[in-house]
1. When only alpha-carbon atoms count, how far does the chain stretch along each of its three principal axes, as whole angstroms with the largest first?
2. At what distance in nm do the modelled label points of residue 57 and residue 228 sit from each other, each positioned 7 Å from its Cα along Cα→Cβ?
3. Describe numerically, in nm with one decimal, the distance between label points set 7 Å from Cα along Cα→Cβ at residue 89 and at residue 20.
4. Using a Förster radius of 41 Å, what is the FRET efficiency between residue 78 and residue 211 based on their Cβ-Cβ separation? Nearest 0.05, please.
5. Could you give the size of the charge dipole of the chain about its Cα centre, using +1 on the Cβ of each K and R and -1 on the Cβ of each D and E, expressed in debye and rounded to the nearest 20?
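Rule-based calculations on the coordinates, nothing more; no lab input. Quantities reported herein were computed from a predicted structural model and do not represent experimental measurements. Cβ placement follows ideal geometry from the backbone for every residue including glycine, while neighbour counts extend to all protein chains displayed.
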Amino acid sequence: MTTIDLNCDLGEYDGEEFLLREAELMPLITSANIACGVHAGNQTLMRRTARLAAEHDVAIGAHPGFPNRGDFGRSDRRASPDEVASLVLEQLTTLSQVLMEERLPLRHVKPHGMLYHFVSWGHDAAESFVQAVTAFDRRLLIIAPAGSVLIMLAEQAGLGVVREAFVDRAYRTDGTLVPRSHPDALFTTDQHVLRQLREILQGFVTSIDGRRVPLHADSLCVHADTPRSVELARLIRAELESAGYRLASPTRPYQPSPGSKRG
């Protein structure tokens, strides 16, 4: 049976609405990427989300971002290689300390927002990110875009990689995501999400300008702050299971699913 991971970015919001949303999402996913208190979150949220993940046997990962809470770490930003390394190490350390107190393991790291794009496609930034993860704990898996520079450099460094695709985001022809500032960047309807999911399972996506872009994924992401995220996660999980997929968090070294190719 083909195995695939379903990951979600969590621990980013406080308040009753988001507490309920995380509680509903957690049984549906297999990996949780927890904000490390910089672009969002705090130690209380980290602890709460980690405990909830443990209750549902969901793999816990760090979700480091740029330090700008005002724009949620999503606006355009650049940083030197040293700054990237410092940001990543600081946030890995913060979450790890919480997890050690809870006696829970850290399994992976996935950058957030603009940091995700910056380190995924820029060679120097990607190299710095890989070096920081290697120095911290080379057993950690790196979740990054399929076909990205970050995936290539992480593999060259001997790290475990997980190629990610998004079922709720539009793609450009070069394989990068359409910026959130674009009115058609986010998919929120069942029709759009199912169409993209089915394409990804066939090894491609249709770009915003109608072109077929090869895309082979080991993990699918659904954003917690997407409208109807819980309903969409249920829809995605049901579609995967009906297509014969087994949902499970990746292990190191990650073995691509049958029929999957290097991105």
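1. That works out to 41, 40, 37 Å along the principal axes.
2. 3.1
3. Each label point lies 7 Å from its Cα, and together they span 4.4 nm.
4. Taking R0 as 41 Å, the efficiency between residue 78 and residue 211 is 0.90.
5. 600
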